[in-house]
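Asks: Quick one: structure below, then a few questions.
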Amino acid sequence: MSEITTESYIGSGIVYADGRDVGNASGVKIDIEQETKSLPNNRGGGGNAAEITKVKAVKLSMTLNDFNNSNMALALRGKVDVLTAEPIVDEPITAVLDGLCDTAKMIDLTVPPVVKTADGATTFDVDADYIVSAGGIRPLSSGAITADQALKVSYTSKAGNALQALVESGKELKVVIDGVNDATGKPWVLKFYKWKPSPTSGLDLIGDDFGSFDIEGGVLADPSIVATGKSKFFVRSAA
């Protein structure tokens, strides 16, 4: 008599893309698209005389909750540049009253900027003539700055990183999910040898709830795997 093994499953795990932890992932899904070819039975009785099903495509999709630039680069086929803090001297801007005069780089708010007229003769007062944000300077209509006035601003740029979107042709990555079945406590590991993410269809950047975004890509065959009975696409190991 054969033994029936039952294992309930609630999946959780850490997703690594080329070894980098992508943070919290609220969903990971595999989709296998199949194509079926049939030979009709023409000898009476209907049905098919033969049938074959081929795998047309394998897709891996995931929902990520961490909005760091490295993750968004996956979703936007981008690259990430490192930004270093540096002093910016006399950057020209044109006043937009009660609007934003965006600066070339993010402003480090811990270092007070200096806003002057273009000739340097007049220095304006923060909070009285303008407000500072990371994105730039906001001249106040209640202050001494006039509409369309030529100004120059000196500030310290904020260290961090910058995402350059849609500049890459599409990178292939190895994806490893180091998982555990929360229903049993047993570990499992899923390895995708070659994953090529596609640009996301959209990102919700402002809202009143925790954000997430979806990334989908094709799981490609790894030509270096030639052994009989070994998958070229992915393998799942479980305790």
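Asks: Specify whether the C-alpha gyration tensor of segment 1-80 places it in the rounded, prolate or oblate class, a ≥ b ≥ c being the square roots of the eigenvalues: rounded for a/c under 1.5, otherwise prolate if a/b is larger than b/c and oblate if not.
Replies: In terms of gyration-tensor shape, oblate.
Asks: Then there's this: Can you give the accessible area of residue 146, probe radius 1.4 Å, in Å² rounded to 10?
Replies: 80
Asks: Which ³J(HN,Hα) values, rounded to whole Hz and listed in residue order, are derived for segment 51-64 from phi using the Karplus coefficients 6.51, -1.76 and 1.60 in 6.51 cos²θ - 1.76 cosθ + 1.60 with θ = phi - 60°, glycine and proline given as x?
Replies: 8, 9, 10, 10, 6, 8, 7, 10, 10, 10, 10, 8, 10, 9
Asks: Now for a different question. What whole-number distance in Å separates the alpha-carbon centres of segment 1-64 and segment 84-147?
Replies: 56
Asks: Okay, moving on. With a 1.4 Å probe and all protein chains left in place, how much of the accessible area of the chain comes from carbon and sulfur atoms, in whole percent?
Replies: Of the solvent-accessible surface of the chain, carbon and sulfur hold 51 percent.
Asks: Count the net charge of all other residues whose Cβ sits under 15 Å from the Cβ of residue 197, scoring Lys and Arg as +1 and Asp and Glu as -1.
Replies: +3
Asks: Follow-up. For a test of the definition: using alpha carbon positions, the gyration tensor, and the 1.5 limit on a/c, classify segment 97-239 as rounded, prolate or oblate. Write out the running numbers ahead of the final one.
Replies: Values: a/c = 3.97, a/b = 2.99, b/c = 1.33.
The shape class here is prolate.
Asks: How large is the helix-only mean residue ellipticity at 222 nm for the chain, computed as the sum of -39500 (n - 2.57) over DSSP H runs with n ≥ 4, divided by its residue count, in deg cm²/dmol to the nearest 500? Don't jump to the answer; show the numbers that get you there.
Replies: Details: 1 runs with 7 residues, N = 239.
Helix-only estimate at 222 nm: -500 deg cm²/dmol.
Asks: What is the gain in length, in nm to one decimal, between residue 38 and residue 235 on full extension, counting 0.36 nm per residue of separation less the C-alpha to C-alpha distance?
Replies: Gain on stretching residue 38 to residue 235: 68.0 nm.
Asks: Also, I was wondering about something else. Could you compute the longest span of the chain free of chymotrypsin sites (Phe, Trp or Tyr not before Pro) located in DSSP loops and having at most 11 other Cβ atoms within 10 Å, not counting the site residues?
Replies: So the longest stretch without any such site is 10-209.
Asks: Mind putting a number on the dipole of segment 166-218 about its Cα centre? Charges go on the C-beta only, +1 for Lys and Arg and -1 for Asp and Glu, and I need it in Debye to the nearest 20.
Replies: 520
Asks: Answer rounded, prolate or oblate for segment 75-116, using the Cα gyration tensor with square roots of eigenvalues a ≥ b ≥ c: rounded when a/c is under 1.5, else prolate when a/b is larger than b/c, else oblate. Mind showing how you got there, number by number?
Replies: Values: a/c = 2.54, a/b = 1.53, b/c = 1.66.
Because a/c hits 1.5 or more and a/b fails to exceed b/c, segment 75-116 counts as oblate.
Asks: If you work out percent of Cα pairs over 32 Å apart from the coordinates, which of [x] 46; [y] 49; [z] 12 do you get?
Replies: The listed entry that was calculated here is [y].
Asks: Still on this model: Sort out the exposed loop GluC sites (Glu not before Pro) in the chain (DSSP loop, at most 16 other Cβ within 10 Å) and tell me the longest stretch that has none.
Replies: On the way: sites that count: 3, 7, 168, 172.
The segment 8-167 is the longest one with no such site.
Asks: Here's a follow-up. Could you tally the net charge around residue 25, taking each other residue with its Cβ under 11 Å from the Cβ of residue 25, Lys/Arg +1 and Asp/Glu -1?
Replies: With Lys, Arg at +1 and Asp, Glu at -1, the net is -2.
Asks: Under 12 Å from a point 7 Å along the Cα-to-Cβ line of residue 214: which residues of segment 14-28 have their amide N that close?
Replies: 27-28
Asks: Which FRET efficiency, nearest 0.05, do residue 126 and residue 81 yield, Cβ-Cβ r, R0 25 Å?
Replies: 0.30
The values are calculated or read from the model by the stated rules, or taken from the named source; none is laboratory data. Predicted model only: the values in this text are computed from it and were never measured. With ideal geometry, Cβ positions are generated from the backbone for all residues, glycine too; neighbour counts draw on all protein chains shown. Accessible surface areas use protein heavy atoms only, side chains included; no ligands, DNA or RNA. Shrake-Rupley method; radii C 1.70, N 1.55, O 1.52, S 1.80 Å.
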